[in-house]
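First the structure, in the form of C-alpha cells, and then the observations on it.
The values are calculated or read from the model by the stated rules, or taken from the named source; none is laboratory data. This is a predicted model, so every value here is computed, not measured. Cβ placement follows ideal geometry from the backbone for every residue including glycine, while neighbour counts extend to all protein chains displayed. All accessible areas refer to the heavy atoms of the entire protein, side chains included, with ligands and DNA or RNA removed. Shrake-Rupley method; radii C 1.70, N 1.55, O 1.52, S 1.80 Å.
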Amino acid sequence: MANTPEKSAIKAIYFSIIGNAFLAAIKFLSGIFGNSYALIADGIESTADIFSSFFVLIGFKYAQRPPDENHPYGHSRIEPLITFLVVAFLVTSATVIAYESIENIRTPHKVPEAWTLIVLAIIIIWKEASYRYVIRKSKETNSSSLRADAWHHRSDAVTSVTAFIGISIALVFGKGFETADDWAALFASAFILYNAYLIFRPALGEIMDEHRYDDVVENIREVALTVKGIKGTEKCFVRKAGMKYLVELHAIVDGTISVDSGHVLAHKLQDKLQEELPEISHITIHIEPACEKQHTKNLR
C-alpha cells in the first residue's frame with residue numbers, strides 16, 4: 001500500500017511517543033542517581049511530551065474522518081485545537097521545571113556526577129535527530145500539530161544542552177557551583193515558554209483564518225492560467241484546515257459566453273487545481289466576466 005501523507009504522519013507520531021517514553025526513563029534514572037535536577041527536569045518535559053504526542057495522535061486520526069452532514073468541510077480543524085493542547089503541556093512543564101529549579105537553587109545539594117554528561121550528549125544527538133525527522137514529516141504532510149510535536153523534540157534538545165552546560169560548570173568549578181545545573185534548568189524553562197509561543201502563533205492564525213499563504217495563492221493563479229478559457233483570476237482566499245487548504249477563487253472568463261459554458265469552465269478549473277495541487281481539499285469558484293483591464297492582468 002502507498003505511504004500516504006496521513007500514514008507518514010502517524011508513523012512520525014508513534015516514533016515520538018516511543019522515543020519520549022524511553023528517554024524519560026533514562027533521564028529520571030540518570031537525574032536521581034547522578035544528582036542532577038537538570039536531568040530530572042528534562043525527564044519531566046519528556047513525560048509531558050509523551051502525553052502531548054498521544055493527544056496529537058488522537059486528534060490526527062479524528063481529523064482524517066471524511067466530511068459528514070454536520071461537518072461538510074471535514075474534521076481537520078481539530079488539528080490546531082490539539083496544537084493548543086500541546087502548547088498547554090509545554091507551558092505546564094516549563095512552569096513545573098522553573099518552580100523546582102528555584103527550590104533546588106535555594107537548597108544545598110551535591111555536585112552532579114560526571115557520567116551524566118555522557119548521557120546528556122547521547123540525548124542531545126537523539127533529540128535533534130528526532131526533531132529533524134518529525135519536522136520533515138510535518139512539512140511533507142502540512143500538519144500544524146505534527147510541527148508542534150517536532151518542536152517538542154527541539155525544545156527537549158535545547159533543555160539537554162543547557163543541562164550539559166550547567167553540569168559542566170558545576171564539575172569544573174566545584175564547590176560553590178553545585179546549583180549550576182539548576183540554573184540551567186531554569187533557563188531551559190524560559191526557552192520552552194518561548195517555543196510554546198512559536199507553536200501557538202501559527203495555530204491561532206489557522207483558527208482565525210489569517211492570511212498566511214501567499215505561496216499557495218501564487219500557485220493557484222499560475223495553474224488557473226493554464227486552463228483554456230480562463231483569462232485570469234481576481235480574488236483568491238485561502239484558509240488552512242489541518243493538512244489541507246480551503247480555497248475561494250474568482251476566475252475571469254469571456255463575458256459573452258453562456259452560463260452553461262461558464263459552469264463547465266469552472267469545473268475544468270476545479271479539476272485542474274485539485275489535480276495539480278492535491279493539498280487543496282475544497283474549492284469554491286466564482287465566475288467573473290472579463291473587462292478590458294482584466295484581459296491584461298490579474299487582480300488580488
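Descriptive notes on the structure:
Table: residues versus (1) on the phi > 0 side of the Ramachandran plot; (2) without any contact (Cβ under 8 Å) to a residue 24 or more places away in the chain; (3) surrounded by fewer than 20 Cβ atoms within 10 Å (Cβ to Cβ); (4) not charged (D, E, K, R).
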| site | (1), (2), (3), (4) |
| --- | --- |
| L198 | no, no, yes, yes |
| E206 | no, no, no, no |
| H211 | no, no, yes, yes |
| V216 | no, no, yes, yes |
| C236 | no, no, no, yes |
| D254 | no, no, yes, no |
| A266 | no, yes, no, yes |
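- Count of residues meeting criterion [open to solvent by less than 50 Å² (accessible area, probe 1.4 Å) and closer than 19 Å to V172 by Cβ] in segment 111-133: 8
- In segment 50-108, the qualifying residues are those that are open to solvent by 40 Å² or more (accessible area, probe 1.4 Å) and of a type in the set (D, E, K, R), and the one that is farthest from N35 (Cα to Cα) is E69.
- The single condition from (1) modelled with pLDDT of 85 or more; (2) closer than 13 Å to N20 by Cβ that R136 fails is (2).
- Here K175 meets the list (1) part of a helix (DSSP H, G or I); (2) open to solvent by 10 Å² or more (accessible area, probe 1.4 Å) almost entirely, failing just condition (1).
- Among the conditions (1) under 29 Å from I82 (Cβ atoms); (2) open to solvent by 10 Å² or more (accessible area, probe 1.4 Å), the only one that I192 does not satisfy is (2).
- Some residue of segment 179-187 being among the hydroxyl-bearing types (S, T, Y) and under 30 Å from E100 (Cα atoms): yes
- Only residues that are closer than 15 Å to H153 by Cβ and not small (G, A, S) were counted across segment 31-50, and they come to 5.
- Scanning segment 230-286 for residues that are within 26 Å of G205 (Cα to Cα), of a type in the set (D, E, K, R) and not in a strand (DSSP E or B) yields E276, E279.
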